[in-house]
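Heads up, the thing below is written out as structure tokens.
The values are calculated or read from the model by the stated rules, or taken from the named source; none is laboratory data. Everything numeric here is computed off the predicted structure, so don't read it as measured data. Cβ placement follows ideal geometry from the backbone for every residue including glycine, while neighbour counts extend to all protein chains displayed.
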Amino acid sequence: MKRFFKMAAVCAAVIFCCGCSVGRAGADEQGGAVVQHTDVVFGTVVQMSLYSKEKEASQQAADDVMELLRSLERDQISWRLDTSEVYRINKSAGGGQGIALSDGMKELLEQSLEISEKSKGAFDITLGPLVQLWKIDSWAAGEEAGNVALPSQAAVREALGKCGFGRLLMVQGKQEGEKLLKLPQGMQLDLGAVGKGYAQSETIKLLENHPEITGAVISLGGSVLTWGSKPDGDSWRIGITDPADTGSYVGILELSGQWCISTSGDYERYVELDGVRYHHILDPSTGYPADSGVRGVTILSKEGLSADALSTACFILGSEKGMELAEEYGAEALFILSDGEMVLSEGMEKYLTVWTDR
Ligand code: AMP
Ligand code: MG
């Protein structure tokens, strides 16, 4: 593990960025055909560059990725759209009989629950009542207080009482392999901390079925997926946002091949009330925004869902316990602390060039 005090003031002409709301794509067209596409899905900006020998193939793959992302949001992940599985699950709360899960949702929930266990409850996909109480979905980065009011302590306590992954029940259904989910009365799933990572994992499967795609980099909010290589063999370059100055970077990750990079930061969604920043990553032990001395966590992993869940969990756990959890998953981690200090796992040191003055 290594520690740095960062000093990054310069911002090179960049790359894809991780941990900021809008990334910029470098127009890199040597050899091969690259298609660049920017869109909105999961309530955030998606940017992709897809490389192949022919432009039509890159375009087709870009269309397929967009269709996949839209269908994941519409059919599975969104808690707002009444077409989605999460919406139906949330509606079923307190129903007693349980609701049959799709294979994808079963996998997502099982992996999420494992991380809940291993993080000792810091990560919890049942925080829907709390997330809705705080109205996190209506916040943007740096929103002024405006109409936002701080929920009362009693309301936070009441919402928290409806949460708790330990009360989720997954039981065997009548059909072979069928799993039923039983959600207690009042509990609501919120997959905001894993949805994008799950989408990355599904995108990897899609790219595996597009052998004509030689390289891709896809940024979805705080998550970036790299795949294959650029035609000129150059590395994928991912800028890591400086939480203290979100127009700048603390360093650059240089990667080749398949990687999932997920960042959770207190600057991604927050409101300020009376000079206090209330951000979107909640500590399930208090019901309030986590206060672990961390401003940003970046996880580097081969797998999307765990990278996303881990960046959220590690933010809440802080650098010491968070580093242990990341290690358990064989993932690399970077913690940016409130005083600007950076704590890196050994593997992360290999890939990250820290912009430092010493
Ligand atoms: P991320 O940006 O991936 O760290 O995810 C943050 C989002 O996950 C929030 O906007 C909430 O929707 C949800 N969330 C907040 N706190 C937690 C938590 N402790 N465990 C799981 N999900 C959370
Ligand atoms: Mg996350």
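Answer yes if at least one residue in segment 300-314 is within 23 Å of VAL46 (Cα to Cα), more than 10 Å from ligand 1 (Cβ to nearest atom), modelled with pLDDT of 95 or more and charged (D, E, K, R), and no otherwise. Yes; the residues of segment 300-314 include at least one that is within 23 Å of VAL46 (Cα to Cα), more than 10 Å from ligand 1 (Cβ to nearest atom), modelled with pLDDT of 95 or more and charged (D, E, K, R).
Given the options LEU181, LEU130, LEU109, name the one that is more than 16 Å from ligand 1 (Cβ to nearest atom), surrounded by 14 or more Cβ atoms within 10 Å (Cβ to Cβ), closer than 18 Å to SER78 by Cα and at pLDDT 95 or above. After ruling out the rest, the residue left standing is LEU181. Summed over segment 47-71, residues that are touching a strand residue (DSSP E or B) at 6+ places or on another chain (Cβ under 9 Å), under 30 Å from LYS91 (Cα atoms) and surrounded by fewer than 22 Cβ atoms within 10 Å (Cβ to Cβ) total 2. Against the test of being crowded, with 16+ Cβ neighbours inside 10 Å, under 24 Å from GLN111 (Cα atoms) and away from ligand 2 (no atom under 16 Å from the Cβ), the options MET342, MET323 yield a single qualifying residue, MET323.
Contact map, segment 291-316: first residue free of Cβ contacts under 8 Å to residues at least 40 places away in the same chain and within 12 Å of ASP266 (Cβ to Cβ), second residue of a type in the set (A, V, I, L, M) and near ligand 1 (Cβ under 9 Å from one of its atoms), Cβ cut-off under 7 Å, separation 6 or more or different chains; pairs are SER292/ILE316. For segment 258-269, does any single residue satisfy the condition of being within 11 Å of ligand 1 (Cβ to nearest atom), of a type outside the set (Asp, Glu) and more than 16 Å from the chain's Cα centre (by Cα)? Looking through segment 258-269, none of the residues is within 11 Å of ligand 1 (Cβ to nearest atom), of a type outside the set (Asp, Glu) and more than 16 Å from the chain's Cα centre (by Cα). Applying the criterion of at least 3 residues that are within 16 Å of the chain's Cα centre (by Cα) and within 16 Å of ligand 2 (Cβ to nearest atom) to the helices (runs of 4 or more DSSP H) found wholly in segment 126-222 leaves 195-208.
Of everything in segment 73-91 that is surrounded by 16 or more Cβ atoms within 10 Å (Cβ to Cβ) and assigned to a loop (DSSP other than H, G, I, E, B), the residue that is modelled with the lowest pLDDT is TRP79.
Determine whether segment 274-282 contains at least one residue that is touching a Phe, Trp or Tyr at 6+ places or on another chain (Cβ under 7 Å), over 19 Å from PHE165 (Cα atoms) and away from ligand 1 (no atom under 13 Å from the Cβ). Yes, that holds for at least one residue.
The residues of segment 223-237 that are more than 16 Å from ligand 2 (Cβ to nearest atom) and either touching a residue at least 24 places away in the same chain (Cβ under 8 Å) or of a type in the set (Phe, Trp, Tyr) (or both), listed by number, are THR226, TRP227, GLY228, SER229, LYS230, PRO231, ASP232, ASP234, TRP236, ARG237. Would you say ALA159 is more than 16 Å from ligand 1 (Cβ to nearest atom) and either in contact with a strand residue (DSSP E or B) (Cβ under 8 Å, 6 or more places away or on another chain) or at pLDDT 95 or above (or both)? No.
Checking the structure you have, find out if any residue of segment 260-278 is farther than 30 Å from PRO151 by Cα and crowded, with 18+ Cβ neighbours inside 10 Å.
Narrowing segment 260-278 to residues farther than 30 Å from PRO151 by Cα: 260-261.
Pick out the ones that are also crowded, with 18+ Cβ neighbours inside 10 Å and you get 260-261.
Yes, segment 260-278 has at least one match.
Within segment 58-93, the residues that satisfy the criterion of being small (Gly, Ala, Ser), closer than 20 Å to GLU178 by Cα and touching a residue at least 40 places away in the same chain (Cβ under 8 Å) are SER92, ALA93.
Looking across segment 184-206, just one residue is away from ligand 1 (no atom under 11 Å from the Cβ), charged (D, E, K, R) and touching a residue at least 24 places away in the same chain (Cβ under 8 Å), and that is GLU202.
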